[in-house]
Amino acid sequence: MPAILTADGVGKSYGSGSARMPIIDGLTLSIAKGEFVSLVGPSGCGKTTLLMCLSGLLAPSDGAVSFKGQVVDQPPIGLSVVFQDYSRSLLPWKTNLDNVLFGMRRVQGMDARAKRARAEEILAAVGLTGFGGHYPWQVSGGMQQRVAIARGIASQSELLLLDEPLAAVDAQTRADMQDLLLDVAQRFKQTCVLVTHDVEEAVYMANRVLVLGPRPTRVVREVVVDLPMPRDQLTTREAPGFLHARHEVLALIRGMRQGQKLS
Amino acid sequence: MTAAVVAERLRVPICAALVLGTWQIVFLSGVVPEKYFPSILSIATAFWQMLADGSVLTAWAQTFGRALIGLVGAAALGITLAILSDLSPVLSRGFRYVSDVLQPIPPAAFVPMAVFMLGLGAKLYAFVIILVTVWPPYLNGVAALSGVGAVQLNTGRMFGLSNWGLLWRIKLPAALPEIFTGIRYAATISLIAVIVSEMLAGRDGIGFMIFKKAFALRTPEVFGLMFLVGLNGVLLNGLVNLLRRAVTGWHLRMMERPE
Ligand SMILES: Nc1ncnc2c1ncn2[C@@H]1O[C@H](COP(=O)(O)OP(=O)(O)OP(=O)(O)O)[C@@H](O)[C@H]1O
Ligand SMILES: [Mg+2]
């Protein structure tokens with residue numbers, strides 16, 4: 001599989017002079033088309049900053065990112081981010097449908113009616129039939145998150161960068177959303193990079209888990225999850241491959257925590 | 001129907017009766033000489049006569065028109081200045097100094113200078129009204145535009161908006177509710193400025209009429225005209241609210257929704 005996204009020696013620091021704070025240092029990764037990759041790392045290590053660099057919203061201080069073979073210097077067509085703060089990312093003066101249509105503003109070769117039909121189809125796929133006319137602030141947090149995901153997909157995206165999309169929902173909704181996300185990713189042929197705090201979630205969703213180190217962060221380990229798709233909340237979580245991968249990631253993260261405590 | 005519901009329905013008549021009743025009691029008590037504190041009836045009669053001879057309607061139209069045009073001009077200028085401030089930190093600081101100095105000056109203080117520079121007439125009104133009315137839309141606009149969240153801006157950029165696109169499609173829509181709060185203040189200020197200008201340098205309008213009648217000690221007419229000025233405020237506010245509902249109705253409904 002060819003790489004859809006690569007980061008080559010990416011570094012990013014905030015501030016300058018004595019206030020300079022390195023957040024990412026020499027980070028290299030490669031995401032293949034069709035993959036589902038999870039990123040886990042200690043909180044505050046720079047995961048959000050990394051996604052901003054990968055999406056062209058922030059310029060890296062060192063190294064380069066390329067998307068489909070082209071160097072990323074501004075947000076490219078075909079890549080979209082579902083922000084950690086999804087409720088603020090939806091535009092409150094637009095209905096849910098209009099928010100999704102806003103995501104389609106750069107889509108070529110579709111007239112207004114075709115775009116509308118497509119937006120409605122994607123809203124239906126994330127279980128929001130009949131909510132297109134509502135405003136984001138009229139629906140629950142879980143639904144807002146699905147609008148944000150729908151908007152990302154609708155932008156003719158091939159690569160979705162998801163920043164802790166399920167952090168704010170309750171456990172049951174979370175399990176449902178995981179399966180929904182896997183389903184729409186497959187249905188709409190999305191390559192996905194998922195940032196999450198939850199190691200179980202990282203393993204459950206992904207073909208590969210990249211473990212990030214403490215700040216300044218880089219990839220410290222790649223854990224391949226050798227499990228078939230589609231996943232199942234019961235059987236997958238009991239499979240030896242799942243337990244193996246989970247063990248490996250958890251052990252790494254625990255090691256990092258202890259390292260931090262000692263230093 | 002419970003008493004509470006009746007009271008709710010009759011809110012306006014009850015309040016009106018209370019105000020008029022109090023007025024009439026003060027009048028009957030004779031605390032203030034009748035010359036300066038006429039009865040409701042004589043105010044109403046005087047008002048009716050002015051209505052009948054047409055003078056008050058013309059004056060009303062002139063005053064209301066000036067206030068409305070001044071408000072529209074001030075809002076447009078204030079929003080423009082706010083946008084320029086958002087684009088350029090240098091302009092932003094410059095405008096801020098100017099507003100710090102000009103904002104505390106009351107409309108009356110601008111009138112003599114305006115008379116020297118512009119003479120009597122439309123230009124004077126435009127100058128005085130806009131100079132005192134522009135600040136709330138401008139200041140609210142600056143605060144609102146700079147307060148637009150980074151996540152919203154990143155969302156716009158992710159979907160390919162240029163800097164201009166961000167301004168028109170993200171920043172302004174997000175800032176409009178707060179700008180409208182400024183325009184509502186401005187509506188009141190605009191009316192004050194018109195009345196003051198008409199009193200000091202006018203040849204017509206309600207302000208001028210109030211001045212003329214006051215010199216002639218026509219107290220009932222003065223009170224009637226004051227009532228009309230108050231009514232103008234209600235009307236202008238109503239217009240602004242209609243526009244606000246049309247443009248930022250989403251925000252009003254968002255604020256009203258039960259949690
Ligand atoms: N604009 C900025 N200027 C300066 N420092 C920043 C900025 N944005 C983030 N930081 C700092 O960079 C570090 C990494 O932040 P980032 O949000 O990327 O981490 P994260 O891994 O996503 O955290 P979390 O797990 O809380 O989501 C933090 O210490 C944060 O305080
Ligand atoms: Mg984060």
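The values are calculated or read from the model by the stated rules, or taken from the named source; none is laboratory data. Only a predicted model underlies this, so the values are computations on that prediction, with no experimental measurement involved. Because the Cβ atoms are built from the backbone with ideal geometry, glycine has one as well, and the counts that use them run over all protein chains shown. Side chains are part of the model used for accessible areas, which takes the heavy atoms of the whole protein and leaves out ligands, DNA and RNA. Shrake-Rupley method; radii C 1.70, N 1.55, O 1.52, S 1.80 Å.
Data table
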item: Residue in the range A:84-95 that is more than 16 Å from ligand 1 (Cβ to nearest atom), at pLDDT 95 or above and open to solvent by 50 Å² or more (accessible area, probe 1.4 Å) present; result: no
item: Filter result for A:Ser38 (polar (S, T, N, Q), away from chain B (no Cβ under 14 Å) and surrounded by fewer than 22 Cβ atoms within 10 Å (Cβ to Cβ)); result: no
item: Residues of the range A:123-148 satisfying the condition of being away from chain B (no Cβ under 14 Å) and either surrounded by 15 or more Cβ atoms within 10 Å (Cβ to Cβ) or assigned to a helix (DSSP H, G or I) (or both); result: A:Leu123, A:Ala124, A:Ala125, A:Val126, A:Gly127, A:Leu128, A:Phe131, A:Gly132, A:Gly142, A:Met143, A:Arg146
item: Of all residues making up the range A:96-120, the number that are open to solvent by 30 Å² or more (accessible area, probe 1.4 Å), touching a helix residue (DSSP H, G or I) at 6+ places or on another chain (Cβ under 9 Å) and away from every other protein chain (no Cβ under 12 Å); result: 6
item: Test: residue in the range A:45-53 that is away from chain B (no Cβ under 11 Å), open to solvent by 60 Å² or more (accessible area, probe 1.4 Å), in contact (Cβ under 8 Å) with a residue 24 or more places away in the chain and more than 30 Å from B:His251 (Cα to Cα); result: no
item: Extreme residue, farthest from the other protein chains (Cβ to nearest Cβ), among residues of the range B:142-197 that are closer than 24 Å to B:Leu71 by Cβ and among the charged types (D, E, K, R); result: B:Arg184
item: Qualifying residue in the range A:10-28 (condition: open to solvent by 40 Å² or more (accessible area, probe 1.4 Å), part of a helix (DSSP H, G or I), within 14 Å of chain B (Cβ to nearest Cβ) and within 16 Å of ligand 2 (Cβ to nearest atom)); result: no
item: Residue satisfying condition, being in a loop (DSSP other than H, G, I, E, B), within 30 Å of A:Ala154 (Cα to Cα) and open to solvent by less than 50 Å² (accessible area, probe 1.4 Å), within set A:Leu181, A:Leu210, A:Leu227, A:Leu194; result: A:Leu227
item: Subset of the range A:230-263 (residues that are in a loop (DSSP other than H, G, I, E, B) and in contact (Cβ under 8 Å) with a residue 24 or more places away in the chain); result: A:Pro230, A:Arg231, A:Gln233
item: Output for the range A:149-175, where each listed residue is open to solvent by 30 Å² or more (accessible area, probe 1.4 Å) and either touching a helix residue (DSSP H, G or I) at 6+ places or on another chain (Cβ under 6 Å) or more than 16 Å from ligand 1 (Cβ to nearest atom) (or both); result: A:Gln156, A:Glu158, A:Ala168, A:Asp170, A:Ala171, A:Gln172, A:Thr173, A:Arg174
item: Qualifying helices (runs of 4 or more DSSP H) (wholly inside the range B:151-259; at least 3 residues being buried (at least 20 other Cβ atoms within 10 Å of the Cβ) and hydroxyl-bearing (Ser, Thr, Tyr)); result: none
item: Given (1) of a type outside the set (Asp, Glu); (2) buried (at least 17 other Cβ atoms within 10 Å of the Cβ); (3) in contact with a Phe, Trp or Tyr (Cβ under 8 Å, 6 or more places away or on another chain), index of the condition A:Arg237 fails; result: (2)
item: Residues satisfying the stated conditions in the range A:64-89, i.e. within 11 Å of chain B (Cβ to nearest Cβ), among the aliphatic types (A, V, I, L, M) and free of Cβ contacts under 8 Å to residues at least 60 places away in the same chain; result: none
